[in-house]
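The block underneath contains the structure these notes are about, expressed in structure tokens.
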Amino acid sequence: MANNLFITATEARSGKSAVSLGIMELLIRKVGRVGFFRPLIDADDPEKDNDIQLFSTHFKLGIPFDRMFACTLAKASNLIGSGRQDDLLEEIFAAYKALEKDHDFILCEGIELEGSSASFEFDINARIARNLGCPILLVANARDKSMDEVIQSINIYHKSFIQEGCEVIATIVNRTRPDQGPEILSRLAAQSPVPGQLLYAIPNDTQLGNPTVGEIAHILGAEVLYGKDQLNRHVHGFTVAAMQLRNFLTRIEHGTLVITPGDRSDVIVACLSAVSSMAMPNISGIMLTGGLTPEEPVSRLIEGFTTMVPILAVKEDTFPSAVEVSRVHAGIAPDNERKITRALEVFDTHIDSRKLADKIISTRTTVVTPKMFEYGLLQKARKNKQHIVLPEAEDERILAAAEILLRRDAVHLTLLGDETRIQKKISRLGLRLDKADILDIQTSHLFDDYVQTYHQLRKHRGITLETAGDVMSDANFFGTMMVHKEDADGMVSGAVHTTQDTIRPAFEIIRTRPGISFVSSVFFMCLKDRVLVYGDCAINPDPDAALLAQIAVSSARTAQTFDIAPRVAMLSYSTGLSGKGVDVDKVREATRLARELAAAQGLGIKIEGPIQYDAAIDPIVAGIKLPGSDVAGKATVFIFPDLNTGNNTYKAVQRSAGAVAIGPVLQGLNKPVNDLSRGCTVADVVNTIAITAIQAAAEKEGS
């Protein structure tokens, strides 16, 4: 079952709120606990956001207002302007996840702004929806547009959503003319690039499309002089009464708001007389401008009318007031039960609620963006915090990453090195690392015990006690021994050391797991809409069939640890039985051995090979080259036949597809040690430490 939906519109004033009301009501009928979430609000306080107020009060959601949004538009603009888009997405993701914990379904509503750049709105809404893993329901505005304009606008949005990796499940064309709807839907069904979506049209409803006098009074800060019980009258238009009565009266139409200077008592009396007359259209109200109100004799006369309309007073002059009225958007106020009821009535009349609800609930997007995966790493690490040792504590990237991880409460950390130098660097960088332990190897109470332990482990190799002391003075060896002795759960190094410097101590001290004779590695390849596992792209140059089988099973286990369902593709230049040669035979034998090894370890995983990369990843190619396969076209774990192929492929995908490559992640060791690239970024360090912590927790659960 799906657990979220993102509603966005092609432009402001599309009637998105009315549609969202209908969607929320049908979800509440079908799903248990439904939450409402706005990633961005155009206000400095959620209590001033109309839709948060509307949904909270009408549906009695019982959610604190500050949990129903993530960020104000002003703050979001500042973050984007300073190049901190990732910080914005992370803030939105964290707020969404906090709400998701207590709900079965989250209805998300995008932001549309008056006079804003359409490209900015689309980009931010599409990026948020994709990173929250939400399918999209698009609301399009057809009011005052030709059919060609409506179709063109919707198709542009559909194509753009596809390019952004978003899934559109339905489009509702709102505010159409009665004669437009069927033809618009027919043309959309034939022309839209989104297959399988549901299409609906809702005709324009004046009760929903026009503001009430009360809404205008609220937005303009007007004083209500008379007719407080008539504020729900809908304003269909306005006219400025600055002429003689004989000319003004001809301009009155049904639902007109009359705007006039406050000293025009003749206009006021004429309007009230018109309201009482069966021969005149019924106006919606009167707005008096210039800060002027009727004098006492006129007030008595007004109070004598039995039929009353709202009379408002504003301080601004007539022309500015008229401009402000023209800008008022017909929203749905939280206390306007009449309008809410009408919105739900219109929705039910024109939407197949059962079919749409089934579509929403059954559509679970499989999109996993890099940001979702990276955020998930931190969340997973936090659930079972582990102790990670960092031998390169004087490196600025290591310290910056350490602050991020400690601030997120994701791990416990020990920094190895000279405490005075480390503290000076922390101070110079302006970091806060109070919760980190700093351990000087030479003065540590652990040093002598570690020397003795290493001597016992390696004396058969001719290591003397004196040599063991020299070895333990090395930060990587000392950190690895901390892991071996369970004084830490894992180690991350490599920002300033070579791969050999990092993994050699692990080979000597921690060693490999039972049944695994070699250490191998994987990269998590975070594409725009999914995460794949590539192995081995960093350690073993030319594995034989037996080692390749071990790499496959280890990589499948790693995928499972990180919630990626393993479907393993043993890659070759040939698919199935079509190819011959030593290289293909090696992969074919490795596939057989991998299946046996997986079965012996009780792993119910699908393994296919030999198979070409295109057949492994593309369902259409898979249907041609290897029909009926459980792996072809939907592989998640890709095992390369040698290091040359794997290393070049991961770098090609990283650069040409814009993928985020996280790794290498070492696998096969008894306890986790991971290697960084010397060109790593702070984000790389954060991800690798989180991965190491998750591996450590998984090792403990499995032991």
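Extending 7 Å from Cα along the Cβ direction at H218 and again at D470 yields two label points whose distance is 8.0 nm.
Going by a ≥ b ≥ c, the root eigenvalues of the Cα gyration tensor, does region 547-594 fall in the rounded group (a/c under 1.5), the prolate group (a/b larger than b/c) or the oblate group?
Numbers: a/c = 3.56, a/b = 2.14, b/c = 1.66.
Taking the square roots of the gyration eigenvalues as a ≥ b ≥ c, region 547-594 is prolate.
Which one, L79, L40, P135, projects farthest toward the positive side of the charge dipole computed for region 1-150 from Cβ point charges (K/R +1, D/E -1)? Value computed over the given set: P135. Taking 21 Å as the straight-line reach from the Cα of K586, the lysines in range (excluding those fewer than 8 positions away in the same chain) are K606, K625. When the pairs K528/K580; K380/K485; K159/K371; K425/K651; K145/K339; K159/K634 are compared against a 29 Å limit on Cα-Cα distance, K528/K580; K425/K651 fall above it. Taking a cut-off of 20 Å between Cα atoms, list the lysines near K355, but don't count ones fewer than 8 places away on the same chain. By straight Cα distance, K355 reaches K16, K30.
Computed 3J(HN,Hα) for region 617-622, one whole-Hz value per residue from the Karplus formula 6.51 cos²θ - 1.76 cosθ + 1.60 where θ = phi - 60°, is 10, 10, x, 5, 5, 4, glycine and proline marked x. Over the residues of the chain, the helix contribution to mean residue ellipticity at 222 nm works out to -14000 deg cm²/dmol, using -39500 (n - 2.57) for each DSSP H run of at least 4. Here's how it looks for A201: its modeled amide H is under 5 Å from those of V173, which are all 5 or more places away or on a different chain.
Straight-line cross-link reach from K424 at under 22 Å between alpha-carbon atoms covers these lysines, not counting any fewer than eight positions away in the same chain: K435.
Relative to the dominant Cα principal axis of the chain, helix 16-30 is inclined by about 60°.
Please compute the Kirkwood hydrodynamic radius of region 16-133 from all pairs of different C-alpha atoms, in Å with one decimal.
Values: mean 1/r = 0.0683 Å⁻¹.
About 14.7 Å, per the Kirkwood formula over Cα pairs.
The long axis of helix 265-276 is offset from the longest Cα principal axis of the chain by roughly 90 degrees.
Spatially, region 541-570 and region 194-228 are offset by 58 Å when compared through their Cα centroids. Each residue of region 60-67 was assigned a 3J(HN,Hα) from its phi angle through the Karplus expression (A = 6.51, B = -1.76, C = 1.60, θ = phi - 60°), giving 6, 5, x, 9, x, 4, 6, 9 Hz with x at Gly and Pro.
The distance linking region 239-283 with region 130-144 is 42 Å (Cα centroid to Cα centroid, whole angstrom). Computed from Cα atoms, the angle from the helix 396-407 axis to the main principal axis of the chain rounds to 60 degrees. For region 1-134, the residue among I7, A126, H103 whose Cα projects farthest onto the positive side of the dipole built from Cβ charges is H103. The three principal axes of the C-alpha atoms in region 573-647 carry coordinate ranges of 33, 26, 25 Å, sorted with the longest axis first. Taking amide H positions as modeled 1.01 Å from N, with prolines and chain starts lacking one, the residues under 5 Å from G291 and 5 or more places away or on another chain are V314, K315, E316. As an equivalent ellipsoid, region 581-703 spans semi-axes of 28, 21, 14 angstrom, where each value is the square root of five times an eigenvalue of the C-alpha gyration tensor, largest first.
Just to confirm, what accessible area per residue do you get for the chain at 1.4 Å probe, in whole Å²? Let's see the in-between values first.
Values: 30610 Å² over 703 residues.
With all protein chains present, the chain gives 44 Å² per residue.
Surface calculation, 1.4 Å probe, protein heavy atoms: E253 sits at approximately 120 Å² accessible.
Between F638 and V533, Y534, G535, A569, the built amide H atoms are under 5 Å apart, and every one of these is 5 or more places off in sequence or on another chain. The phi-based Karplus calculation (6.51 cos²θ - 1.76 cosθ + 1.60; θ = phi - 60°) puts the 3J(HN,Hα) values of region 314-324 at 10, 7, 5, 6, 5, 5, x, 5, 5, 4, 5 Hz, whole numbers, x for Gly and Pro. How large a share of the accessible area of the chain, in percent, is made up of carbon and sulfur atoms when the probe is 1.4 Å and the other protein chains stay in place? Of the solvent-accessible surface of the chain, carbon and sulfur hold 49 percent. Take the Cα of F319, step 7 Å along the line toward its Cβ, and report every residue of region 240-270 whose backbone nitrogen sits under 17 Å from that point. Answer for this model: 240-243, 259-262.
Quick check: the distance between the Cα centres of region 595-623 and region 355-390, to the nearest angstrom? Here the two parts' Cα centres lie 24 Å apart. Length available on full extension from L457 to R327: 0.36 nm per residue minus the Cα-Cα distance, which gives 38.8 nm.
Stretching T498 away from T206 to a fully extended chain increases their span by 98.0 nm, per 0.36 nm per residue minus the current alpha-carbon distance.
The values are calculated or read from the model by the stated rules, or taken from the named source; none is laboratory data. Predicted, not measured: the structure shown is a model, and the values here were computed from it. When we count neighbours, we look across all protein chains shown, and the Cβ atoms used for this are built from the backbone with ideal geometry, even at glycine. Side chains included, ligands, DNA and RNA excluded: accessible areas come from the protein's heavy atoms. Shrake-Rupley method; radii C 1.70, N 1.55, O 1.52, S 1.80 Å.
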